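Structure, as structure tokens:
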Amino acid sequence: MGKGPINENNNVYFKARKKAAAYNERLYSREGAAELLGISVSTLADYELGNTKVVPVDKVVLMADLYNSPELITGYCMRECPVHGFLPLATEEKSIQGIALRLLRGFNEEELKHMKDDLIDITEDGIISDDEVPRLKAILERLDKMAETISEMKIVGEKYIKGV
């Protein structure tokens, strides 16, 4: 058996397994990974080649844990899960320095106070008027950006905590 695929495989499950193989040689082969995941080699191949339309969530959670790739879960939630596909979640690991800076900027006291005051002003009467809708949309967009940055920090933080 060769040392790698003939064609480049950009599937997230394949890439996560190959990256994890650097610290667990059993993950280098589909056979070893499938055994650790408790699935058949052909099932894992179907996941990694994109032949399975929706990978079962319990297998995504197992792969995320085994491969130390929490971004597999958030990626699943964004791309595959029909219920939560709209959530602003991170799907890749980024540098902790950049994430921390964006997070701290997002928690700027003055901006948060302005957002809080706007939200109180918009919602205090229980009715959102047509002229308040643009301000509410701006608040929701800001919250989405903050949620994505928080999600990025969780991904990187989990990896650092596990020490891999």
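The values are calculated or read from the model by the stated rules, or taken from the named source; none is laboratory data. Keep in mind the model is a prediction, meaning the values are calculated, not measured. Don't worry about glycine lacking a Cβ; one is built from the backbone with ideal geometry, like all the others, and counts go over all protein chains shown. Protein only, heavy atoms only, side chains kept; ligands, DNA and RNA dropped before computing areas. Shrake-Rupley method; radii C 1.70, N 1.55, O 1.52, S 1.80 Å.
Modelled with pLDDT of 85 or more, open to solvent by 40 Å² or more (accessible area, probe 1.4 Å) and among the small types (Gly, Ala, Ser), is that true of GLY163? It is false that GLY163 is modelled with pLDDT of 85 or more, open to solvent by 40 Å² or more (accessible area, probe 1.4 Å) and among the small types (Gly, Ala, Ser).
This table checks each residue for (1) farther than 28 Å from SER69 by Cβ; (2) touching a Gly at 6+ places or on another chain (Cβ under 7 Å); (3) free of Cβ contacts under 8 Å to residues at least 40 places away in the same chain.
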residue	(1), (2), (3)
ILE96	no, no, no
PHE107	no, no, yes
ARG142	yes, no, yes
GLU148	no, no, no
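In region 69-79, what residues are of a type outside the set (Ser, Thr, Tyr), surrounded by 17 or more Cβ atoms within 10 Å (Cβ to Cβ) and within 16 Å of ASN10 (Cα to Cα)? Answer for region 69-79, where residues must be of a type outside the set (Ser, Thr, Tyr), surrounded by 17 or more Cβ atoms within 10 Å (Cβ to Cβ) and within 16 Å of ASN10 (Cα to Cα): GLU71, LEU72, GLY75.
Yes or no, residue by residue, for (1) surrounded by fewer than 18 Cβ atoms within 10 Å (Cβ to Cβ); (2) in contact (Cβ under 8 Å) with a residue 40 or more places away in the chain; (3) among the small types (Gly, Ala, Ser); (4) assigned to a helix (DSSP H, G or I):
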position	(1), (2), (3), (4)
PHE14	no, no, no, yes
ARG17	no, yes, no, yes
ARG26	yes, no, no, yes
GLY32	yes, no, yes, yes
GLU35	yes, no, no, yes
ASP46	yes, no, no, yes
THR52	yes, no, no, no
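Kindly indicate whether ASN10 is at pLDDT below 95 and farther than 19 Å from SER151 by Cα.
Working: at pLDDT below 95: yes; farther than 19 Å from SER151 by Cα: yes.
Against the criterion (at pLDDT below 95 and farther than 19 Å from SER151 by Cα), ASN10 qualifies.
Open to solvent by 30 Å² or more (accessible area, probe 1.4 Å) and at pLDDT below 80: which single residue out of LEU87, LEU66, LEU103 fits that description? None of the other options fit; the residue is LEU87.
Is one or more of the residues making up region 47-62 among the small types (Gly, Ala, Ser) and in contact with a helix residue (DSSP H, G or I) (Cβ under 7 Å, 6 or more places away or on another chain)? No, region 47-62 has no match at all.
Count of region 111-129 residues, restricted to those that are assigned to a helix (DSSP H, G or I), open to solvent by 70 Å² or more (accessible area, probe 1.4 Å) and of a type in the set (Val, Ile, Thr), is 1.
Filtering ALA22, ALA33 for residues that are over 21 Å from SER151 (Cβ atoms) and modelled with pLDDT of 95 or more leaves a single hit, ALA33.
Of all residues in region 123-139, those that are within 20 Å of GLU111 (Cβ to Cβ) have Cβ atoms under 9 Å from Cβ atoms of residues that are of a type in the set (Ser, Thr, Tyr) and open to solvent by 60 Å² or more (accessible area, probe 1.4 Å), 6 or more apart or on another chain, in GLU132/THR123; LEU136/THR123.
Does GLU132 satisfy being open to solvent by 80 Å² or more (accessible area, probe 1.4 Å) and modelled with pLDDT of 80 or more?
Working: open to solvent by 80 Å² or more (accessible area, probe 1.4 Å): no; modelled with pLDDT of 80 or more: yes.
Against the criterion (open to solvent by 80 Å² or more (accessible area, probe 1.4 Å) and modelled with pLDDT of 80 or more), GLU132 does not qualify.
When LYS94 is tested against (1) at pLDDT below 90; (2) within 26 Å of the chain's Cα centre (by Cα); (3) outside any loop (DSSP other than H, G, I, E, B), only condition (3) is not met.
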